[in-house]
1. Quick one: pull the percent of accessible area on region 483-576 belonging to carbon and sulfur, 1.4 Å probe, ligands and nucleic acids left out.
2. Between Ile241 and Asp442, what is the FRET efficiency for a Förster distance of 56 Å, r being their Cβ-Cβ separation, to the nearest 0.05?
3. Which angle from 0 to 90°, rounded to the nearest 10, does the C-alpha axis of helix 425-440 make with the longest principal axis of the chain?
4. Using only the Cα atoms of region 671-750, what do you get for the radius of gyration and for Dmax, in Å?
5. Are any of the pairs Lys323/Lys651; Lys290/Lys412; Lys118/Lys263; Lys412/Lys516 more than 26 Å apart by Cα-Cα distance, and if so, which?
6. Counting only C-alpha contacts under 8 Å and six or more residues apart, can you give the relative contact order of region 1-119 as a whole percent?
7. In whole Å, what three semi-axes, largest first, describe the equivalent ellipsoid of region 233-390 built from its Cα gyration tensor (square root of 5 times each eigenvalue)?
8. Run lengths n ≥ 4 of DSSP H only: what is the helix-derived mean residue ellipticity at 222 nm for the chain, with -39500 (n - 2.57) per run over all residues, to the nearest 500?
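The values are calculated or read from the model by the stated rules, or taken from the named source; none is laboratory data. Bear in mind that the values here come from a model prediction, so they are computed numbers and not experimental data. Using ideal geometry, Cβ is built from the backbone for each residue, glycine included, and neighbour counts are taken over all protein chains shown. SASA here: full protein model, heavy atoms, side chains in, ligands and nucleic acids out. Shrake-Rupley method; radii C 1.70, N 1.55, O 1.52, S 1.80 Å.
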Amino acid sequence: MRYGHFDDEQREYVIERPDTPLPWINYLGCEEHFGIISNTGGGYSFNRDARLRRLTRYRYNSAPLDTGGRCLYLRDDALEPGPAPLMWSPSWQPMRRELDHYECRHGMGYTLIRSRLKGIEANIRYFVPLGDSLEIWEVTIANRRSRAADLSLFAAVEFCLWDALDDATNFQRNLSVGEVEVADGVIYHKSEYRERRNHFAYFACSAEVAGFDTQREAFLGPYRGWESPAGVQAGLLTNSIAHGWQPIGAQHTRLQLKPDEAKTVVFLLGYHENPTDDKFETAGSQILNKRSVTPIIARYRQPQEVEAAFLALRHYWDELLGKLSVTTPDPHTNRMVNIWNVYQVMTTFNLSRSASYFESGVGRGMGFRDSNQDLLGFVHLAPERARQRILDLAATQLPGGGAYHQYQPLTKLGNNDIGSGFNDDPLWLVLAAAAHLKETGDWSLLEDRVAYDNQPGTEEPLYAHLQRSMRYTLDRLGPHGLPLIGRADWNDCLNLNCFSETPGQSFQTTTNKDGKVAESVFIAGLFVLAAQEMAGIARHQGEVDAFSEAANKMEEAIWVAGWDGEWFRRAYDDFGNLVGSKECQEGQIFIEPQGVCIMAGLGVEDGLAQQALDAVADRLATAHGIVLHQPAYSRYYLHLGEISSYPPGYKENAGIFCHTNPWIMIAETRIGRGDRAYDYYLRINPSAREGLSEVHRCEPYVYAQMIAGRDAPAHGEAKNSWLTGTAAWNYVAITQWILGIRPTFEGLEVTPVMPSTWDGFEAERYYRGVRYLVQVERTGPGNEVQLEVDGHPIEGTVVTLPPAGAQEVRVIAKVGPG
Ligand code: BGC
Ligand code: NOJ
């Protein structure tokens, strides 16, 4: 069953009813200012850091799930006042009064909600303009009745006192610190501005204001919630000024509309910073200095400026999405590659795993391994931003080569609570840097000087950081010559050095074993993969490759100690026993080492990769995607950690952890099995699952981190949508390996391993400033590629760089029997 449909032309998903199985969300903002918005206007907004600069409150895990947020109310003032005036929320929530018509369109960085009730139409456009720190809600109300309408429009937000965690916990203080100012139709939220903050929020209205409230209880009335504010019912606000308690911004404006007349009101929810030494209107006063914010508010109060900003946002996305577009025989592929997958990649780049409807915005900042992987799908979109991210990440690397597992976006400093010791982390930096070099050909990246642990004076070229990343692994080899796992590798829940018997202890940071025994086959495979990138870099630099010998040894160690006879093993635990082997009772085969080892080329030549992938197909693949391992752990194993804490079929305990599925797709292409690769691709492709929305339940336009595995009662149900490495890796798998358009150090490679049923496809790719027009034609079964570049056949599959000044390269790829 579906709850909406794709509008590919507009690049929107159109939700046709408000009561989706879960809130289906979108993100406003593409740079520094963000909002999360649900299909009924729920969610919150923040500047840069969802924990430390939260503008509005949001209560996670509430009932209903999506409560509060961007509240809009309409009231029909012409009807008899009485106890029950006609009032409703044009975005359905929070009032949830049934509407005659409802539609929500999530687009690239904006959301439109349209509705109608009793002849009154509402058309709301929400977005964050490029270059400014505010959210615009442009509300157009039209009267489709045959008589005049007398309406009140209310808009309300509840301010958060900046640090979202403190805001939700430290009530003894916070209920006394709230402060606001109101001037010229603008409500300013300035809690803590009197002391150490020099930033404030504002909620402005473009129309004449009939009244306002800034104290929550004054607006809602005692013992009432957002679904029935007393102020809306009365049609009159009290102009309350908040002192402590819960500061809000509620604006009221009246609309008199003739038949068929429409009026637009703009609400602005913004963030602004003042210089520390010029915070106040006059020195010594406590009044906000509004000199620099006033022009911004004045500008966006004008509908034509709003329209111009919206067009600029559309244009920005036209450009970004134009970097790679494909026309294949399959609409799900086209839609995801050309629109939604790229969009999600941008979101994960911006927010890592910090703020979604499953990530509370307070827990996790930018993950080291996460952000490096997100980059793999992002780098072609905005290479300069990607470069800065690589440098920011590298600056949280420690002198020993390890890395903080996370850093806070606002400060860019490593998070001490989590620390380091996730032994795969540093290797991902190598993959990210290599991806940047392959995309841009700008080798100066390697010379950028970056500090360790952000300590001034410790700067070294990025290249040295990469070398330390590699040595970090080699400095930590275990009894079988495989890398020690540390706190965890990619699988955060395989905690082989944390024997936790105490509820509430962190599986990731409680480390009570000395860590000298437990080894990871996954990190071994990742090391080989990273060593191949380092070899490519060394070759280009004209240097001796320092790591290929170590990589050869690592491969040997994998074959000796990491190969189980039919597939790659997963790990050795702290007792030196196997994990992911047929010797085990549960957890006999894991997906991750099959993916990473084969991506690194292990077993590709001699048929062992095929054997491992056949085992994946037999034992791990389901109709909803490939599960993480089998059999699922049926009970808690002290020596395995969080993985066995989950009930079977969920999350890391044999869920379909979508991040890993593209590794198998890529591995399948490595052995030439395009049909298999593509079949796996479609199983988790959100658009291809749209018709199963009542089972899948999450948004059909973005990937979710997990789909419940076959051991779970809710097999096929997705969770944790949006912020997942699944976005970048699927994008890489489909574009670079199945469609086979892949940046290399030497140029753009074109080597599709596509489904046998496809006759071919076309692609347009901007690469190093040149437009590549690629036409792929199948000439028969097989994956042998013969390239013709600008009409001339060439050797090999890499299109060498065109001469300087070239604008366009035409590539024809004939794919078929060798
Ligand atoms: C989750 C993992 C996640 C980890 C982060 C665990 O509870 O299952 O997916 O990476 O927390 O700390
Ligand atoms: C989510 C985490 O963000 C990521 O770092 C980890 O690799 C996966 N979970 C798997 O545990």
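1. So the carbon and sulfur contribution to the accessible surface is 49 percent.
2. The value I calculate is 0.55.
3. That helix lies at roughly 90 degrees to the long axis.
4. Using the Cα atoms of region 671-750, the pair Rg, Dmax is 14.6, 49 Å.
5. Lys323/Lys651; Lys290/Lys412; Lys412/Lys516
6. 25
7. Over the Cα atoms of region 233-390, the ellipsoid semi-axes are 38, 26, 18 Å.
8. After summing the helix terms and dividing by residue count, I get -7000 deg cm²/dmol.
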